[in-house]
C-alpha cells in the first residue's frame, strides 16, 4: 500500500476508534511510525485528510446507492443490500457520530453530504416502487415519501443511535438490528401474499442474533 | 525544491527556450520521483546540510528519478482515488455476495413452498432422531447420523439429563439479555 493510502486507512481507523476531534496528525504519524514531516508531504493537515477520506466514502456509497436505481439489485437481494449500506456507513462512523460538527466545519463536505442524503431518499423510493410493482407492498402514493424519509433517517442515524443507547455493541449486531428496523418500517405495507416475508425476516433476525451471542 | 528549480534553469541555459522549458519540467518531474523514492525527512535533512551544493542534490534526485521512472512509472502515476473508485463500481455485486456468505442465510425470500420443504426436512430429521433415540438410548450414536441432524445433541441431552441442561441454558440466556 502506498504511503498516501496508508495515511488514509490509519486515519480512518483512529478517527473511528478515538473520535475525530481527539486525533491529531501527530497521532496519525506516530501510529504509522512515520515522521510528521512525511505525513505533511502527503497531506497539509487534518482537514485535507478528512476531505480525502470523505471523498472516498462519498464515491463508494454513491455507487452502492445508485445500484438499485440502475436495477442492479434484485428483489431477493434487498435484504443483503441493506446490510451492505449499513456496513458502508459503519466503516465511516466517526463522521456520522460527529455529523453536525463536521458539516459545519467543512462546507464542501456539507454540500456533498446533502446530495448523498437526497440520493438515499431516491434510492429508497426506487426500491419501494419496485416492490409495489411486484405487488409485494401496497402503499398509498402520498405515503411513499414519508416512508422513504423514515428509511433514510434510519439508515443515517441508526448506528449512532444504537451506540448511544447501548455502547460497545458488536458491529454485526448493529447491522442485524438496523436491517430489521427497516424491515419493520416496511412491514405494515406488505400485501397479504407477502406477509411471510416479515415472518421470515423475524426468524432470520432471531437466528442471526442467537448465533452471534452463542 | 524552489531553490533547486532556480539553479536548474542556469544549468540548462544552452538549449532553445521551449526545449529548455520541457527539460526543466521533465527534470522537476524526475526530481519529484526521486524525492518520492527517498524518505522525505531524510531528503530534508540532507537539504539543510547541503544547502550550498544544492545543484548536486538536485542532480542526485534527478538520477534517482530516472531510475524509478525506468522501473515503474505507471504505478506512481495512477491516482489511488481512481483505483478505489474503479474497485467500488465492480464491488456492489461482490459485496452483496460476501455479505450473503458471511450471514450464511440463503433461505431468505423463499416462497411458502420452500417453507413447506423446510418443514418436511425438519420433520424427517426429527423422525430420524426419534428412531435413533429409541434404538440406542445410552450409547453414542453413529457419527453418520450425528452429522445429518444438527440439533440432535441438544435433544439428546434434554431427554437424558433434564436438570443439567436447564442449569446450563438458564445462565446463558441471562448473559444474552445483559448484552
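No value in this document is a laboratory result; all are computed from the given coordinates. These numbers come from a predicted model, not from an experiment. All Cβ positions, even for glycine, are placed from backbone atoms using ideal geometry, and neighbour counts span all protein chains on display.
In this structure, residue A:114 and residue A:211 have a Cβ-Cβ separation that, at R0 = 41 Å, corresponds to a calculated FRET efficiency of about 0.60. Between region A:1-48 and region A:83-123, the C-alpha centres lie 21 angstrom from each other.
As a length-normalised measure over Cα pairs under 8 Å and 6 or more apart, the relative contact order of chain A settles at 18 percent. Distance between the pseudo-spin-label points of residue B:93 and residue A:1 (7 Å out from Cα toward the beta carbon): 2.8 nm. Among A:65, A:164, A:155, the residue with the largest mean-square fluctuation in a Gaussian network model of chain A, with springs joining Cα atoms closer than 10 Å, is A:164.
Neighbouring Cβ atoms from other chains, within 10 Å of the Cβ of residues in A:57-70, number 3 on average. Placing dummy labels 7 Å off each Cα toward the beta-carbon, the span from residue B:125 to residue A:164 is 4.1 nm.
Using the Cβ-Cβ distance between residue A:70 and residue B:63 with R0 set to 45 Å, the FRET efficiency from 1/(1 + (r/R0)^6) comes to roughly 0.35.
Here A:69, B:123, A:131 are placed in order of increasing Cβ neighbour count within 10 Å, fewest first, which gives B:123, A:69, A:131. Could you tell me whether region A:14-54 comes out rounded, prolate or oblate from its Cα gyration tensor? Rule is a ≥ b ≥ c as square roots of the eigenvalues, rounded for a/c under 1.5, then prolate if a/b exceeds b/c, otherwise oblate. Taking the square roots of the gyration eigenvalues as a ≥ b ≥ c, region A:14-54 is oblate.
From the square roots a ≥ b ≥ c of the eigenvalues of the alpha-carbon gyration tensor of region A:116-214, which class results: rounded (a/c under 1.5), prolate (a/b over b/c), or oblate? Judged from the Cα gyration tensor, region A:116-214 comes out oblate (a/c at least 1.5, b/c at or above a/b).
State, to one decimal in nm, how far the label point of residue B:134 lies from the label point of residue A:106, with both points 7 Å from Cα in the Cβ direction. Once both label points are built, they end up 6.8 nm from each other.
Going by neighbour counts of Cβ atoms within 10 Å, the residues A:156, A:24, A:123 line up, fewest first, as A:24, A:156, A:123.
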